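A quick write-up on the structure given underneath.
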Amino acid sequence: VSTQSTGNDSRTMCGIVAILNTAEDITTLRERCVQLGKMIRHRGPDWSGIWTGAGCCLEHERLAIVDPEGGAQPIKDSSGKVVMTVNGEIYNHKHLKANLRDTSTIVSGSDCEAILHVYMEHGEAVCDMLDGIFAFVLVDTRTEPATWIAARDPIGVLPMYFGYRADGSVMFSSEMKCMIDECPSFEIFPPGHVMTNADTHPRQWYKDKWVDEVIPTTPLDLKELREKFEAAVVKRMMCDVPYGVLLSGGLDSSLVASIASRHAKKRVESGEELEAWWPRLHTFSIGLVGSPDLKNARSVAEFLGLSLIHISEPTRLLSISYAVFCLKKKKKNHVELKDIQILILHKETLM
């Protein structure tokens, strides 16, 4: 769990909005995308960026995790003709950058910038070269008309939706709320899929054995399992801001916390040669006071010598937040407690 703080708030991942292939007036389009971006600003408290051109608009709400001082989005190449908005973390970004034919074009330490440069050298094959989680939209104005590509990581860790607007333009967004008033219908952009200006719908780019539910036949190797599990945790500690572990007290999260605590003293980005900027690892537990989960999480945290921050009654808070959003969509400027209670009790009105 990576966090970048504004006051006492801890936020989640970045948010993106993209509208492509529209004949809409560029000023109107830009203003509309700014308003859409505000709807998902909770996803990115550190930066709001926007780009318009070639009948397209890319908007980004950033949570700065890697290279907070650089890496502002939308990301552009040196010519300004290739532009991208992305929600993601690319764990092999240093390897990808080091193997570019032209490394002089790199302008930041951002992990996501690697996507843009690899695309410029390898095109659509970039998807299969990324080790990470991502949902991105990239516009290439070097061609006439402009070409574009949108893609999502293999198992859909990061969200993305797509749909067509009334004027035939295509739209992408991190959250459904941006699509409601823009597209007559929209759907989930499937995990492991890609879509370009030559497509009408996403098509699968990620094709591995488990996707087709193939029953594995490789014998169990506990040593290999441990090594891969530990490597998977460590590479996700790539971070230039304070981070933590969501700890439920169960087996999975306890193992993750244990591995993270052993590697927290050193910076993963340096190959664990340099001291960590934030060596104190915090854990977070969500649950009711007195619950078994919270008790187990506290025991694990104490055993590992980690601090534990308890968050209680999240469901109620989230329900209230969503109820307020729904009421505002119904043009109710004044939201009363009784209205919120009614919406929470009758959840079908929230769908």
Fill in the blank from the handout: region 80-147: helices (runs of 4 or more DSSP H) wholly inside it with 1 or more residues that are of a type in the set (Asp, Glu) are 113-122, 126-129
Handout entry: Residue ID - farthest from Cys112 (Cα to Cα), chosen from residues in region 242-258 that are surrounded by fewer than 19 Cβ atoms within 10 Å (Cβ to Cβ) and in contact with a Phe, Trp or Tyr (Cβ under 8 Å, 6 or more places away or on another chain)
Key = Leu255
Practice task
Name, by its number, the condition in (1) over 28 Å from Glu269 (Cα atoms); (2) surrounded by fewer than 19 Cβ atoms within 10 Å (Cβ to Cβ) that does not hold for Leu36.
Solution key: (2)
Practice task
Restrict the check to region 222-230 and report whether at least one residue is surrounded by fewer than 17 Cβ atoms within 10 Å (Cβ to Cβ) and in contact with a strand residue (DSSP E or B) (Cβ under 9 Å, 6 or more places away or on another chain).
Solution key: no
Completion exercise
Among residues of region 188-217 being open to solvent by 100 Å² or more (accessible area, probe 1.4 Å) and part of a loop (DSSP other than H, G, I, E, B), the residue nearest to Gly88 (Cα to Cα) is Lys207
Problem - Residue ID - surrounded by the most Cβ atoms within 10 Å (Cβ to Cβ), chosen from residues in region 260-297 that are of a type in the set (S, T, N, Q) and within 16 Å of Lys235 (Cα to Cα) - result: Ser261
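For (1) of a type in the set (D, E, K, R); (2) open to solvent by 10 Å² or more (accessible area, probe 1.4 Å); (3) within 18 Å of the chain's Cα centre (by Cα); (4) under 20 Å from Trp47 (Cβ atoms), each residue gets a yes or a no:
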site: Lys81; (1), (2), (3), (4): yes, yes, no, no
site: Asn92; (1), (2), (3), (4): no, yes, yes, no
site: Arg101; (1), (2), (3), (4): yes, yes, no, no
site: Ile115; (1), (2), (3), (4): no, no, yes, yes
Handout entry: Restricting region 39-72 to residues that are charged (D, E, K, R) and at pLDDT 95 or above, the residue that is surrounded by the most Cβ atoms within 10 Å (Cβ to Cβ)
Key = Glu59
Practice task
Could you please find all residues in region 117-154 being closer than 18 Å to Leu20 by Cα and buried (at least 19 other Cβ atoms within 10 Å of the Cβ)?
Solution key: Ala135, Phe136, Val137, Leu138, Val139, Asp140, Ala146, Trp148, Ile149, Ala150, Ala151, Arg152
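Scan region 155-183 residue by residue and report those that are of a type in the set (Gly, Ala, Ser) and open to solvent by less than 30 Å² (accessible area, probe 1.4 Å).
Within region 155-183, the subset of a type in the set (Gly, Ala, Ser) is 156, 163, 166, 168-169, 173-174.
Passing the criteria: Gly156, Gly163, Ser169, Ser173, Ser174.
The values are calculated or read from the model by the stated rules, or taken from the named source; none is laboratory data. Since we're looking at a predicted model, the values are computed, not measured. Every residue, glycine as well, gets a Cβ built from its backbone with ideal geometry; the counts of neighbours run over all protein chains shown. With ligands, DNA and RNA removed, areas are computed over all heavy atoms of the protein, side chains included. Shrake-Rupley method; radii C 1.70, N 1.55, O 1.52, S 1.80 Å.
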